[in-house]
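**Student:** One structure follows; several queries about it will come next.
The values are calculated or read from the model by the stated rules, or taken from the named source; none is laboratory data. Here the structure is a predicted model, which is why all the values come from computation and not from measurement. With ideal geometry, Cβ positions are generated from the backbone for all residues, glycine too; neighbour counts draw on all protein chains shown. Accessible surface areas use protein heavy atoms only, side chains included; no ligands, DNA or RNA. Shrake-Rupley method; radii C 1.70, N 1.55, O 1.52, S 1.80 Å.
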Amino acid sequence: MTMKYSRRTFMKAGGALTAGVAAATTVPKKFLSWAEEAGQKDMKQIPTFCELCFWNCGLIAKVENNKVVKVDGNPLSLRGRGRLCGRGNAALGALYDPDRLKFPLINTGKRGEPVWKRATWDEALGLIAGKMRVIKEKYGPESMALIYHGTGASFWKHLLHAYGSTLSAAPSFAQCRGPRDIGFVLTFGADVGSPEYYDFSKSKYIVLLGSHLGENAHNSQVQDIVEGISNGAKLTVVDPRLSNIASKADRWLPIKPATDLALLLAWIRIIIEEGLYDKEYVAKYATGFDELRAAVQQYTPQWAETETSIDSDVIVAVAREMGKNSPNVCIGAGRFSAWYGDDTQRSRAIAILNALLGTWGREGGYFFPTGAAVPEYPGLPAYPEHVEVAKLDASFPFALLPTTTSIKQASITGQPRPVKAWFVYGSNLMKTMPDKQETIKAIQNLDLMVAIDTMPMDIINYADVVLPECTYMERYDNINLGKFKGEGEIALRQPTIEPLWESKPSWWITRELGNKLGLAPYFPWKDGEEYIARRCEAGGIDFAQLKRDGVIIKKGGSPYITADKQPEFGTPSGKIELYSKQLADKGLDPVPKYTRHAAPPAGHFRLLFGRAPLHTFSRTSNNFMLTDLQKENALWVNSKKGKELGLNNGDYVSLVNQDGVIANGRIKVKLTQRLRDDAVYMNHGFGVHSKGASRANNQGIADDDLITKPAIDPIMGGTAMRGNFVKIVKGA
Ligand SMILES: Nc1nc2c(c(=O)[nH]1)N[C@H]1C(S)=C(S)[C@@H](COP(=O)(O)OP(=O)(O)OC[C@H]3O[C@@H](n4cnc5c(=O)[nH]c(N)nc54)[C@H](O)[C@@H]3O)O[C@H]1N2
Ligand SMILES: Nc1nc2c(c(=O)[nH]1)N[C@H]1C(S)=C(S)[C@@H](COP(=O)(O)OP(=O)(O)OC[C@H]3O[C@@H](n4cnc5c(=O)[nH]c(N)nc54)[C@H](O)[C@@H]3O)O[C@H]1N2
Ligand code: SF4
Ligand SMILES: [Mo]
């Protein structure tokens, strides 16, 4: 395969290789004088970055007598620009949660019915190392898997590599953004980045499908779209629900759920047939236009109206608005894209539409980012030679990153090869992976299951050993690199106080475990500070400046295509592939094709879900500063439909899905005109079952209890979750 899941060629086009050091950046004096003004001269101000979601905004902790008393945004951070979202402001709620994991724990009961024994670090790590030795001997090192989410995971990847396993997967691929990334990689040879390379602040026209920005609190991206709108950008939001961003839009298209591909294909057809596309751009950079044109003839606006329930006049009008504003248009790629099973194809349709409008590398569309780099710790030994083993994702031809889907299957069936142990780092799989019973079955088959977490969330109850990591406020971590418009960012996480109780950072835990496994040469660092300082030194980066400011910014070149800066596309043809021969060669549709999805059976609603603005999944569901603001989720039900069913606002109901599965607990009804009548909607992350999380336990209902039937994306193995239907049961 010539295509790589990499942004190398993309970065080259973006001028990242010409990056130089920016003029010295320091935290503005005014900002640092905050404590002095408050008469607290001995207050320390320590910059670090947030881990309450992956956006990783820079923050400054105010520390008094070894206690963090406040956090503020770091104005130098490109991810937050001096601001924190509601969750980021609740750092103290994560740090000082009395429910935190305090000591290593060994499960002397069963997986799922734990009986905990407090252990020393030596005992817990000794037990794990002993089992890892046996597993390696019996099944080979590649039978050990890492499933992860979060910055500290890189130390665990390093440990596994040193041990001999390259098997690791993040749910944020197959359960989240994987379909989107692969759809764009197949089309442009590059993905849209994280943070996404949206040039919203310069857009003249923005289209969002789903993407409930604002509720989904991508900090700097929300700032950008607000700036774009105040600069006059027109906004169209496609969503079955009037989301907060839809309420700010010029047009809200309340689409029938699961039909977005029909709308996109109709838009593509109109833009081609009315000649609204960027002809010069398409001729120069794209291939497969004639095949695309022929394939979309069937998708007329009238046909799309019957599928989507959106008036064909509106469909045509939006296409013309996009065409008129081309190329300063951004049709958002979305992020959570594991929706209906044909998600890579839907993402490809979004990519194709952007290509026709010439938005890639253009002002107001998708910019070419600038990156920054820091070398690895110098002098580490090479990893053991990789033993060729059966590829787990062979049945998904474009699973360019490994999927949790295949790890789970291999753990259950032993095919195509056995997986016998999981390290689960910062991932609450009980809420994250659809079809919980199958996840439990996979875990029951393992020889070893270790959870590395900060909180007693549902996942730890299935572990043999639980390792308490200290929170992001108490540790050095991996360096965080970010790619932005004309600037790249190097960000430091450093402790603001010493770890509480017996919790430890990953650089320490992996080193100690590595030592027990005879892998000491791979872990030469003295401590977290030395680990970072040596890497900075190797890269000529001023560690003292990084420690003082929290971030170092590198300047880059033009974010747009110019006469002497031409884009390169990492596809096999070296062009934007409107028709994908790669897909055709694998027996997959080379141009996205619409297939109708099942509608809710009689008496049922489609179960839709999304982000709580003030929570991140179950990452924050027990955070006392946030439970004060939102403790449980609500069930959005269309007012008229709800009244027909005899429901009142505030009634508690229970939910049963198409497979007869009843969700634990009860949920409060919110009657609203902001939702279609064929779906219900709730925030994800609630309905935590673990009793150890005392505030989150049993608050609201878990969408994940009801998602028993995922649809698997045949292209990349994503597990789509919005094809489940529920019935409302009154009187809970
Ligand atoms: N506050 C907060 N912010 C977060 C997170 C969080 O937990 N909390 N999580 C972060 C993460 S990891 C991710 S991936 C992102 C996810 O955030 P997004 O990528 O924005 O998620 P989506 O699923 O696109 O958006 C949810 C919206 O999709 C709508 N929707 C449902 N079905 C359909 C449909 O068939 N068609 C269309 N057009 N719309 C539909 C829902 O009504 C809802 O408004 O958010 C990130 N930001
Ligand atoms: N039903 C359903 N399933 C979904 C989604 C959905 O909306 N509905 N969303 C999907 C999406 S978009 C994504 S990205 C995935 C995310 O799902 P996951 O990858 O599981 O990520 P989180 O929910 O962020 O992980 C939360 C876990 O990390 C722990 N944790 C928090 N901070 C730290 C830390 O500093 N160190 C360690 N070691 N652990 C920590 C928390 O205590 C908790 O157990 O879920 C996907 N699955
Ligand atoms: S968006 Fe909010 S929760 Fe996410 S990193 Fe930034 S401040 Fe933290
Ligand atoms: Mo996600």
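For (1) among the basic types (Lys, Arg); (2) on the phi > 0 side of the Ramachandran plot; (3) within 16 Å of ligand 2 (Cβ to nearest atom); (4) not assigned by TED's automatic domain parsing to the domain that holds Gly150, each residue gets a yes or a no:
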residue	(1), (2), (3), (4)
Glu568	no, no, no, yes
Lys575	yes, no, no, yes
Leu578	no, no, no, yes
Pro592	no, no, no, yes
Thr595	no, no, no, yes
Pro600	no, no, no, yes
Phe609	no, no, yes, yes
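**Student:** From the residues in region 151-169 that are more than 16 Å from ligand 3 (Cβ to nearest atom) and open to solvent by 10 Å² or more (accessible area, probe 1.4 Å), which one is farthest from Ala720 (Cα to Cα)?
**Tutor:** For region 151-169, the residue satisfying everything is Gly164.
**Student:** Which one of these does Tyr148 not meet: (1) touching a strand residue (DSSP E or B) at 6+ places or on another chain (Cβ under 9 Å); (2) more than 16 Å from ligand 1 (Cβ to nearest atom)?
**Tutor:** (2)
**Student:** Being within 16 Å of ligand 1 (Cβ to nearest atom), small (Gly, Ala, Ser) and crowded, with 24+ Cβ neighbours inside 10 Å is the requirement here; does Ala286 meet it? Give the derivation first.
**Tutor:** Values: within 16 Å of ligand 1 (Cβ to nearest atom): no; small (Gly, Ala, Ser): yes; crowded, with 24+ Cβ neighbours inside 10 Å: yes.
Against the criterion (within 16 Å of ligand 1 (Cβ to nearest atom), small (Gly, Ala, Ser) and crowded, with 24+ Cβ neighbours inside 10 Å), Ala286 does not qualify.
**Student:** Checking Tyr425 against (1) modelled with pLDDT of 95 or more; (2) open to solvent by 10 Å² or more (accessible area, probe 1.4 Å); (3) touching a Phe, Trp or Tyr at 6+ places or on another chain (Cβ under 7 Å), only one condition comes out false. Which one?
**Tutor:** (2)
**Student:** Within region 162-180, take every residue that is touching a strand residue (DSSP E or B) at 6+ places or on another chain (Cβ under 9 Å) and over 28 Å from Lys709 (Cβ atoms) and give me the one that is nearest to ligand 1 (Cβ to nearest atom).
**Tutor:** Among those that are touching a strand residue (DSSP E or B) at 6+ places or on another chain (Cβ under 9 Å) and over 28 Å from Lys709 (Cβ atoms), it is Ser165.
**Student:** Got a sec? Which of Ala372, Ala338 is within 16 Å of ligand 4 (Cβ to nearest atom), in a loop (DSSP other than H, G, I, E, B) and crowded, with 24+ Cβ neighbours inside 10 Å? Talk me through it step by step, then tell me what you get.
**Tutor:** Values: Ala372 fails: within 16 Å of ligand 4 (Cβ to nearest atom).
On inspection, the qualifying residue turns out to be Ala338.
**Student:** Which ones in region 582-608 are within 13 Å of ligand 1 (Cβ to nearest atom), surrounded by 16 or more Cβ atoms within 10 Å (Cβ to Cβ) and part of a loop (DSSP other than H, G, I, E, B)?
**Tutor:** Within region 582-608, His597, Pro600 meet the criteria.
**Student:** Still on this structure, I have one more. Within region 620-627, identify whether any single residue is under 29 Å from Asp659 (Cβ atoms) and among the hydroxyl-bearing types (Ser, Thr, Tyr), and answer yes or no.
**Tutor:** Looking through region 620-627, at least one residue is under 29 Å from Asp659 (Cβ atoms) and among the hydroxyl-bearing types (Ser, Thr, Tyr).
**Student:** Does Arg619 count as touching a helix residue (DSSP H, G or I) at 6+ places or on another chain (Cβ under 9 Å), among the basic types (Lys, Arg), in contact (Cβ under 8 Å) with a residue 12 or more places away in the chain and away from ligand 2 (no atom under 16 Å from the Cβ)?
**Tutor:** Details: touching a helix residue (DSSP H, G or I) at 6+ places or on another chain (Cβ under 9 Å): yes; among the basic types (Lys, Arg): yes; in contact (Cβ under 8 Å) with a residue 12 or more places away in the chain: yes; away from ligand 2 (no atom under 16 Å from the Cβ): no.
No.
**Student:** Another question about this same structure. Helices (runs of 4 or more DSSP H) wholly in region 615-732 with at least 2 residues that are under 27 Å from Arg346 (Cα atoms) - which ones? Let's see the steps before the verdict.
**Tutor:** On the way: elements: 624-627, 639-644, 703-706.
Where helices (runs of 4 or more DSSP H) fall fully within region 615-732 and carry at least 2 residues being under 27 Å from Arg346 (Cα atoms), they are 703-706.
**Student:** Here are the criteria: (1) surrounded by fewer than 18 Cβ atoms within 10 Å (Cβ to Cβ); (2) in contact with a helix residue (DSSP H, G or I) (Cβ under 9 Å, 6 or more places away or on another chain); (3) free of Cβ contacts under 8 Å to residues at least 60 places away in the same chain; (4) not in a loop (DSSP other than H, G, I, E, B). Tell me which single one Gly126 does not satisfy.
**Tutor:** Unmet condition: (3).
**Student:** Can you tell me which condition Asn65 does not meet? The list is (1) open to solvent by 30 Å² or more (accessible area, probe 1.4 Å); (2) at pLDDT 95 or above, and all the others hold.
**Tutor:** With respect to (1) open to solvent by 30 Å² or more (accessible area, probe 1.4 Å); (2) at pLDDT 95 or above, Asn65 is out only on (2).
**Student:** Determine which single condition Gly557 fails, assuming it passes every other condition in (1) at pLDDT 95 or above; (2) part of a loop (DSSP other than H, G, I, E, B).
**Tutor:** (1)
Residue-by-condition table, conditions (1) closer than 15 Å to Asp99 by Cα; (2) away from ligand 4 (no atom under 16 Å from the Cβ); (3) open to solvent by less than 10 Å² (accessible area, probe 1.4 Å); (4) assigned to a helix (DSSP H, G or I):
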site: Thr439; (1), (2), (3), (4): no, yes, yes, yes
site: Ile452; (1), (2), (3), (4): no, yes, yes, no
site: Met455; (1), (2), (3), (4): yes, yes, no, no
site: Ile460; (1), (2), (3), (4): yes, yes, yes, yes
site: Asp477; (1), (2), (3), (4): no, yes, yes, no
site: Lys483; (1), (2), (3), (4): no, yes, no, no
site: Arg493; (1), (2), (3), (4): no, yes, yes, no
site: Trp501; (1), (2), (3), (4): yes, yes, no, no
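**Student:** Being open to solvent by 20 Å² or more (accessible area, probe 1.4 Å), within 16 Å of ligand 3 (Cβ to nearest atom) and touching a helix residue (DSSP H, G or I) at 6+ places or on another chain (Cβ under 8 Å) narrows it down to one residue among Leu614, Leu626; which is it? Steps first, answer last, please.
**Tutor:** Numbers: Leu626 fails: open to solvent by 20 Å² or more (accessible area, probe 1.4 Å).
Just a single option satisfies the conditions, and that option is Leu614.
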